[in-house]
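Asker: I have a structure I would like to understand better, so I am pasting it below and will then ask my questions one at a time.
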Amino acid sequence: MIDHIVLLHLKPDHDAIALAAVMDGLAALVGDIKGFTAFRHGPNRDYEGRSPAFAHGFTAQFHDSLALAVYADDPRHKALGARLMALCEDILVADVESA
């Protein structure tokens with residue numbers, strides 16, 4: 001199992017409606033890309049005070065690294081990613097593998 005974790009450092013003037021549309025678009029890919037099993041997003045509560053600049057984030061779950069690679073190369077993901085990057089100053093990505 002791969003948890004693809006993305007934290008977003010949003011631009012101060014980002015469009016919340018555009019962000020919601022990108023999140024909806026990514027969620028719509030679940031099940032449409034083989035091995036892409038779950039997508040969740042929401043505000044970063046940062047309870048430990050370690051990532052205050054990253055106000056929002058999402059997790060995407062994949063059966064394995066091959067499924068993640070297919071997702072990464074998918075033209076729909078690439079288009080949504082470009083729209084997302086236009087809303088952000090920076091992003092932080094981690095891919096955590098678990099049994």
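Asker: Quick one: would you say VAL70 is outside any loop (DSSP other than H, G, I, E, B), open to solvent by 50 Å² or more (accessible area, probe 1.4 Å) and within 13 Å of MET1 (Cα to Cα)? Walk me through it before giving the result.
Answerer: Values: outside any loop (DSSP other than H, G, I, E, B): yes; open to solvent by 50 Å² or more (accessible area, probe 1.4 Å): yes; within 13 Å of MET1 (Cα to Cα): no.
Against the criterion (outside any loop (DSSP other than H, G, I, E, B), open to solvent by 50 Å² or more (accessible area, probe 1.4 Å) and within 13 Å of MET1 (Cα to Cα)), VAL70 does not qualify.
Asker: Any residue in the stretch 20-29 that is open to solvent by 60 Å² or more (accessible area, probe 1.4 Å), within 12 Å of the chain's Cα centre (by Cα) and within 22 Å of GLU97 (Cβ to Cβ)?
Answerer: Residues of the stretch 20-29 that are open to solvent by 60 Å² or more (accessible area, probe 1.4 Å), as a first pass: 24, 28.
Imposing the further condition that a residue be within 12 Å of the chain's Cα centre (by Cα) reduces the set to 24.
Still in the running and within 22 Å of GLU97 (Cβ to Cβ): none.
No.
Asker: To continue, here is another question. For the stretch 32-56, enumerate the residues that are open to solvent by 60 Å² or more (accessible area, probe 1.4 Å) and more than 16 Å from MET1 (Cβ to Cβ).
Answerer: ASP32, HIS41, PRO43, ARG45, TYR47, GLU48, ARG50, PRO52
Asker: Select from the stretch 1-11 the residues that are under 17 Å from ASP95 (Cβ atoms) and not in a loop (DSSP other than H, G, I, E, B) and write down the one among them that is most open to solvent (accessible area, probe 1.4 Å). Before you say what the answer is, go through the steps one by one.
Answerer: We begin by selecting, within the stretch 1-11, every residue under 17 Å from ASP95 (Cβ atoms); these are 1-8.
Among the residues that remain, those that are also not in a loop (DSSP other than H, G, I, E, B) are: 2-8.
Values: ILE2: 14, ASP3: 36, HIS4: 23, ILE5: 57, VAL6: 6, LEU7: 41, LEU8: 0 Å².
Here the residue is ILE5.
Asker: Also, I was wondering about something else. Looking only at residues that are polar (S, T, N, Q) and in contact (Cβ under 8 Å) with a residue 40 or more places away in the chain in the stretch 12-68, which one is farthest from GLU89 (Cα to Cα)? Before the answer, list the steps.
Answerer: Kept after step one, since they are polar (S, T, N, Q), are these residues of the stretch 12-68: 37, 44, 51, 59, 61, 65.
Filter again for in contact (Cβ under 8 Å) with a residue 40 or more places away in the chain, leaving 51, 59, 61, 65.
Working: SER51: 14, THR59: 19, GLN61: 24, SER65: 27 Å.
Top of the filtered list is SER65.
Asker: I would also like to ask the following. Taking the stretch 40-67, which residues are in a strand (DSSP E or B) and of a type in the set (A, V, I, L, M, F, W, C)?
Answerer: At the first step, the residues of the stretch 40-67 found to be in a strand (DSSP E or B) are 40-43, 56-62.
PHE58, ALA60, PHE62, listed by residue number.
Asker: Against the condition under 17 Å from LYS11 (Cα atoms), among the aliphatic types (A, V, I, L, M), open to solvent by less than 70 Å² (accessible area, probe 1.4 Å) and in a helix (DSSP H, G or I), how does ALA86 come out, does it pass?
Answerer: Details: under 17 Å from LYS11 (Cα atoms): yes; among the aliphatic types (A, V, I, L, M): yes; open to solvent by less than 70 Å² (accessible area, probe 1.4 Å): yes; in a helix (DSSP H, G or I): yes.
So ALA86 passes the test.
The values are calculated or read from the model by the stated rules, or taken from the named source; none is laboratory data. Predicted, not measured: the structure shown is a model, and the values here were computed from it. Glycine also receives a Cβ, built like all others from the backbone with ideal geometry; neighbour counts cover every protein chain displayed. Please note that ligands, DNA and RNA were not included when accessible areas were found on the heavy atoms of the full protein model with its side chains. Shrake-Rupley method; radii C 1.70, N 1.55, O 1.52, S 1.80 Å.
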